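Data first, discussion second: the structure below is written as structure tokens.
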Amino acid sequence: MMPIRRLVVIAALACAVLARAGAADDPEVRIADGTIRGVAGWSTQAFLGIPFAAPPLGALRWMPPAPVVPWPGVRDATQLARPCATEGFGDGPRTTNEDCLYLNVYRPASATAGEALPVMVFIHGGGNFSGSTTIYDGVRMAEVTHAVVVFPAYRLGVFGSLALRDAGASGGTFILQDNLAALHWVQRNIAAFGGNPADVTVSGQSSGGTDVCNLLASPAAAGLFHQAIIQSGICGGTSAFEGDSLASTQAATTAYAASLGCTGADAAIAACLRAKPAGELLDAWHGRSGTASGTALLPLPVMDAVARGRIVHVPVLVGFTRDEWWSFEHALYPLSAAGLREQFAANFHDRAAAVAAAYPESAYPHREYALGAAVGDNLIVCPSLRLARALAAVVRVSAYEFADRSAPPFKSLNPANAQPRPPGYTGGAGHTAELQYLYNYQSAEGPLDAAQRRLGDAMIAGWVAFGRSTPPAWPAFTAAHPVVERIGADGASFVPVRTAGAEHHCALWDAR
């Protein structure tokens, strides 16, 4: 009998351990560009670092994703690719690597080509300027639901957001272009892993959720996915990663180029910027990271596209966490009563008094969380409910609120971004809190306990079932019946409620 050894699959600096029975048993899959060899486990298999586009280097920097050059022989797919160049944040440190258009695939060990399993594609968050696929894995989702799970990377920050005029209408849309290229890869190749190209769910969290909104509003995405899940995305308000119009993005690009000494004709500016080292480009970047609208790929801002019904017509699940912004405000500790009033005034201006009345500090375990609750409701929760109402006039929509306040809190994977914590700190059901339950998120502090693991299994089953089953599995959300599935509150799994808008003071935030 062949000796058994173990390989730690580091998907998120990962803790997911796949038991292996030797290299001879590692799976091989033939895809369009060649054969790859992955990692065999008892219940799942992983194929890591698969290229879905050519490296966007040199003349391909700020250009549409180019085709992969096929390879001879068998390509090793047992190691994660390096993250895309980023200035760094909580999900990882700074890196200048631009050779990063790779994806990871997880499937059940028993999967065979042509089996037609459901496919889940997850777009990571990080403000579109940070984050990576290396801090998630699809082991539990593949194991629990017998699905094929895909994690694509995409260009971030300055490398995904500039609009050089020599790139024409494709400028300012490289994040969207990379996500489209990954979905085209799925259509061409996922059947070889046992996945069904006619049953693809695209999901994303935070800026990844915003990217899913952009896919919904992109005519080029039609037919590439069949369900969509938006987790704490920002699609109905202003944010640093929603993007701007093409004209304003081009103007910002010109100003950015000038700050680096790149001036003159459009071609000269483009050549100058492409000659700059990645580190210098990152150091000078202080712009918005997102996808420009008014382009061929994103003709309208998302909410305008929804209002006109000009979206990809698929079922959509829209969700948020109960305490979206709690964990981002503890850095203000200790915040005095006067300091809280100053923060309300700085953030909400002429509405500060009304906000302070709606979010009294006595209602929260820390004064900082009153501010966090207000910011999170204004930035994410109420815009998500507005988006759900608008979408419900066009497609079938369901909604959820992740509410497990015992969830492991966020921890920074970047020592430079670590923040001291106040006594008795809890992040509540904060931004990113649901990710550990779904994808073994490595920026979550500590493993799940037995009850949380059971909740995670129920969530995984619900995510994969969405769009593939009819209500009451996921009740329909409508303007008249705004049913939100509350997940994980007080030990319960899924409880439908109709009070989420009132509980998050959306009447205040919707009054513009």
Worksheet entry | Spread of Cα-to-Cα distances over 10 Å intervals beginning at zero, given as percent, for the range 290-435 | 11, 31, 30, 22, 6, 0
Worksheet item: Using a simple charge model, +1 on the beta-carbon of Lys and Arg, -1 on the beta-carbon of Asp and Glu, nothing else, what dipole does the chain show about its Cα centre, in debye to the nearest 20?
Response: 500
Discussion item. Just to confirm a number: summing +1 for Lys and Arg and -1 for Asp and Glu over residues other than Gly125 whose beta-carbon lies under 13 angstrom from that of Gly125, what do you get?
Written reply: -4
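May I ask you to give the average projected area over all directions of the convex hull of the Cα atoms of the range 75-199, in nm² rounded to one decimal?
On the way: hull surface 34.2 nm².
Orientation-averaged projected area of the Cα hull: 8.5 nm².
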Response to the item:
The farthest towards the positive end of the charge dipole of the chain, of the residues Leu164, His330, Ser43, given +1 on Cβ of Lys and Arg and -1 on Cβ of Asp and Glu, is Ser43
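Could you list Met459, Met303, Met141 in order of exposure, starting from the residue whose Cβ has the fewest other Cβ atoms within 10 Å? Please report the intermediate quantities before stating the final value.
Working: Met459 22, Met303 18, Met141 27.
So the residues, fewest neighbours to most, are Met303, Met459, Met141.
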Worksheet item: Where does the chain land on Rg(C-alpha)/(2.2 N^0.38 Å)?
Response: 0.95
Fill in: Among 253-259, 382-388, the order from most to least packed when residues are scored by Cβ within 10 Å on average
382-388, 253-259
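Assign unit charges at the C-beta atoms only (+1 for Lys and Arg, -1 for Asp and Glu), then state the dipole size of the range 316-510 relative to its Cα centre in Debye, rounded to the nearest 20. Each step should come with its number before you reach the end.
Details: 15 positive and 18 negative charges, 77 e Å.
It comes to approximately 360 debye.
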Worksheet, complete the sentence: In whole angstrom, largest first, the equivalent ellipsoid semi-axes that the Cα gyration tensor gives for the range 5-307 are 33, 21, 17
Practice prompt. Among Pro409, Leu435, Pro420, pick out the residue whose Cα is farthest towards the positive end of the charge dipole of the range 400-455, where Lys and Arg carry +1 and Asp and Glu carry -1 on C-beta, about the Cα centre.
Written response: Pro420
Item to complete: Give me the number: length gained by fully extending His286 to Ala357, i.e. 0.36 nm times residue separation minus the C-alpha to C-alpha distance, one decimal in nm.
Response: 22.1 nm
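Which value, in debye to the nearest 20, gives the size of the charge dipole of the range 5-307 about its Cα centre, when Lys and Arg are +1 and Asp and Glu are -1 at the Cβ?
Details: 17 positive and 22 negative charges, 89 e Å.
Result for the range 5-307 is approximately 420 debye, rounded to the nearest 20.
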Practice prompt. Rank-order 101-111, 171-181 by packing density, defined as the average count of other C-beta atoms within 10 Å over each peptide's residues, highest first.
Written response: 171-181, 101-111
Worksheet item: So for the range 372-493, Kirkwood radius off the Cα pairs, Stokes-Einstein at 37 °C and 0.692 mPa s: how many µm² s⁻¹?
Response: 206
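Could you please rank Cys235, Cys100, placing first whichever residue has the fewest other Cβ atoms within 10 Å of its Cβ? Please report the intermediate quantities before stating the final value.
On the way: Cys235 28, Cys100 25.
Least to most surrounded, the residues fall as Cys100, Cys235.
Bear in mind these aren't lab numbers, they're just calculated from the coordinates by the rules spelled out. On a predicted model such as this, the values are computed, not experimentally measured, just so you know. A quick note on method: Cβ atoms are made from the backbone with ideal geometry, for glycine too, and the neighbour counts reach across all protein chains shown.
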